[in-house]
Amino acid sequence: MRHLIIVLAVMGCRAKQPEPSASRAQPRRLDPLERVVVVADGGARGDSQFQVVPLAPVGPAVPAGATVVRLDGEVATVGGAPLNAGELKGPLVLTPTAETYLAQVARWLALLDDAKAEVWLAHPDAAIAFRLTLRDEASFQAWLDEPVPGKTRVIQREDGFEVMTNLGKLPGWDPNGPTVPLRGGQLDLTTLRRGLERVRQRFPEAPDLCFVPAFGVELAQTARAMASDFTGADSPIYPVICLVYPRPSGADGGQ
């Protein structure tokens, strides 16, 4: 009888221990993002497969007294003269031409980053601009390693946007495609803004958002995408925007 009591007591203690799976519960994954679709007259949905709901660009005004830096491929000029980053003071507003790519201006971004310049990126279709925190690959990796929930980044590819977080990718309507694919060859910025709002609700303490354009994406298209972070001129979803760029070999700024 004594041995039976001991066995029952041990079994009771084991029964009170929590299940390993309960103590290591995984956070709930992000739900798939629904596309914003066109609603035709009478309330019927239009052909949402190819139609994009336009996003009216809003955001901060171009800072007063800023120096405008024109980016045309690998050439950067101020008032028609070659850019001298060491002589510029105050805010700088980058205005890329339609066919200027991130890789072409990486050298200039590295110079401005190392000079701690105040850099803005102008929207090509509206008198607004977005203040940037510039991050090269090393700085971006350090940012990812910070113990802050969220770490939201928009990877801008030729076929659309991947929205990534600490929980992985925000899935879209096609789990095997980008979160927000191109529709009819156009950027679906309205759906992208919906995705950013959803992720921000999940991670309200996340202070910043990084855009990571592919080499084959025009910088002006990235500026258009950044408008998705704003619901009003003074209402950002994420208060800080960072732009991740590829630092050219040898452009270490003395680091």
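Numbers at a glance
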quantity: Potential extension, residue 205-residue 148 segment - 0.36 nm per residue separation minus Cα distance; calculated: 19.7 nm
quantity: Region 99-255 pair-distance distribution - Cα-Cα, 5 Å bins, rounded %; calculated: 2, 9, 19, 23, 21, 16, 8, 3, 0, 0
quantity: Length released on extending from residue 214 to residue 166, taking residue separation times 0.36 nm less the Cα-Cα span; calculated: 15.2 nm
quantity: Counting DSSP beta bridges with both ends in region 73-131, the antiparallel % (nearest 5); calculated: 60
quantity: DSSP-defined antiparallel bridges as percent of all bridges, region 66-244, nearest 5; calculated: 50
quantity: Cleavage-rule hits, chymotrypsin sites (Phe, Trp or Tyr not before Pro), region 115-220, DSSP coil, Cβ neighbours within 10 Å at most 11; calculated: 215
quantity: Sparse-neighbour loop sites [GluC sites (Glu not before Pro); region 194-255; at most 13 other C-beta within 10 Å; DSSP]; calculated: 205
quantity: Contour minus Cα-Cα distance for residue 125 and residue 98 (0.36 nm per residue); calculated: 8.6 nm
quantity: Label-to-label distance, nm, for residues given as residue 72 and residue 29 (7 Å Cα→Cβ offset); calculated: 4.9
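Readers should treat all values here as calculations from the given coordinates under stated rules, not as data from a laboratory. Given the structure is predicted, the values throughout are model-derived calculations rather than measurements. A quick note on method: Cβ atoms are made from the backbone with ideal geometry, for glycine too, and the neighbour counts reach across all protein chains shown.
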